[in-house]
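Colleague: This is the structure, below, for whatever I ask next.
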Amino acid sequence: MKIVILSGSPRKGGNTDILVEAFGEKAKAAGHALRIYRVASMTIHPCLGCDGCNPDGVCVQKDDMAEISEAIRGADVLLFASPIYWFSVSAQLKAVIDRLYSTAFSGSSVKKAALLLNSGSPDVFTPAVEMYREIIAYLGWEDAGIILIPDMAEKGSMRTALQLREVEALVRNL
Ligand SMILES: Cc1cc2nc3c(=O)[nH]c(=O)nc-3n(C[C@H](O)[C@H](O)[C@H](O)COP(=O)(O)O)c2cc1C
């Protein structure tokens, strides 16, 4: 399957990157094709709300979102990965999510989605998980799995996180 990963942390080599890498290794070993986008390293402007993408799905803004939109159009699975920032996903990932508005008009082959979140504290995931569930329900995508890893207070905490094993079950569920 073709999997597009939207990874939202600006911190290179941080916990989200480690988590995405662990997922990517297992997914590749299972024969899936991956496109990983570190969206914080790309130029992606916020949605202008101009409705210029309605109805043909082409955004009026010419930035790196065009490449992501193209990849999503031909993908089977879309995976969102982010650190929790103030009980939500990072602003960089949220900008991409807002820009999916144009993709919703042009359509895509995506059938499934997944969510990987990590945070400094426990019990902070509910708003981001609810947002994800509502978005994929609206778009008619099936949830392939959600991995939530708290207590990632330091850069690199993820390296020893036991929950990293959960990526195997997620890959099996794709
Ligand atoms: C701006 C900012 C906001 C954060 N907000 C929260 C929060 O609301 N709840 C929480 O548990 N952790 C919060 N954290 C901690 C991060 O979610 C956590 O350290 C995460 O592992 C960072 O991932 P990264 O290494 O991929 O950047 C925040 C960190 C930053 C920088």
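The values are calculated or read from the model by the stated rules, or taken from the named source; none is laboratory data. Keep in mind the model is a prediction, meaning the values are calculated, not measured. Glycine also receives a Cβ, built like all others from the backbone with ideal geometry; neighbour counts cover every protein chain displayed.
Colleague: Between 152, 131, which is part of a helix (DSSP H, G or I), within 15 Å of the ligand (Cβ to nearest atom) and either touching a His at 6+ places or on another chain (Cβ under 8 Å) or not β-branched (Val, Ile, Thr) (or both)?
Modeller: 131
Colleague: Within the set of pairs 6 or more residues apart or between chains, which connect a residue that is modelled with pLDDT of 95 or more inside the range 137-156 to a residue that is among the small types (Gly, Ala, Ser) with Cβ atoms less than 6 Å apart?
Modeller: Sorted first by the residue in the range 137-156, then by its partner, the pairs are 141/113; 144/114; 145/114; 149/161; 150/119; 155/14.
Colleague: Same structure again: Name the one entry in 7, 106, 88, 69 that is among the polar types (S, T, N, Q) and touching a strand residue (DSSP E or B) at 6+ places or on another chain (Cβ under 6 Å).
Modeller: After ruling out the rest, the residue left standing is 7.
Colleague: Turning to a different aspect of this structure: Which of the residues spanning the range 87-131 are without any contact (Cβ under 8 Å) to a residue 40 or more places away in the chain, in contact with a Pro (Cβ under 9 Å, 6 or more places away or on another chain) and hydrophobic (A, V, I, L, M, F, W, C)?
Modeller: Those that are without any contact (Cβ under 8 Å) to a residue 40 or more places away in the chain, in contact with a Pro (Cβ under 9 Å, 6 or more places away or on another chain) and hydrophobic (A, V, I, L, M, F, W, C): 91, 117.
Colleague: Taking only pairs six or more apart or across chains, which ones have beta-carbon atoms under 8 Å, a first residue in the range 1-23 that is closer than 16 Å to residue 144 by Cβ, and a second residue that is in a loop (DSSP other than H, G, I, E, B) and acidic (Asp, Glu)?
Modeller: Partner pairs satisfying both residue conditions: 1/76; 2/76; 3/76.
Colleague: Given (1) among the hydrophobic types (A, V, I, L, M, F, W, C); (2) more than 10 Å from the ligand (Cβ to nearest atom); (3) closer than 26 Å to residue 61 by Cβ; (4) within 12 Å of the chain's Cα centre (by Cα), identify the lone condition not met by residue 114.
Modeller: (3)
Colleague: Go through (1) assigned to a helix (DSSP H, G or I); (2) surrounded by 15 or more Cβ atoms within 10 Å (Cβ to Cβ); (3) not charged (D, E, K, R) for residue 108 and report which single condition fails.
Modeller: Every listed condition holds for residue 108 apart from (1).
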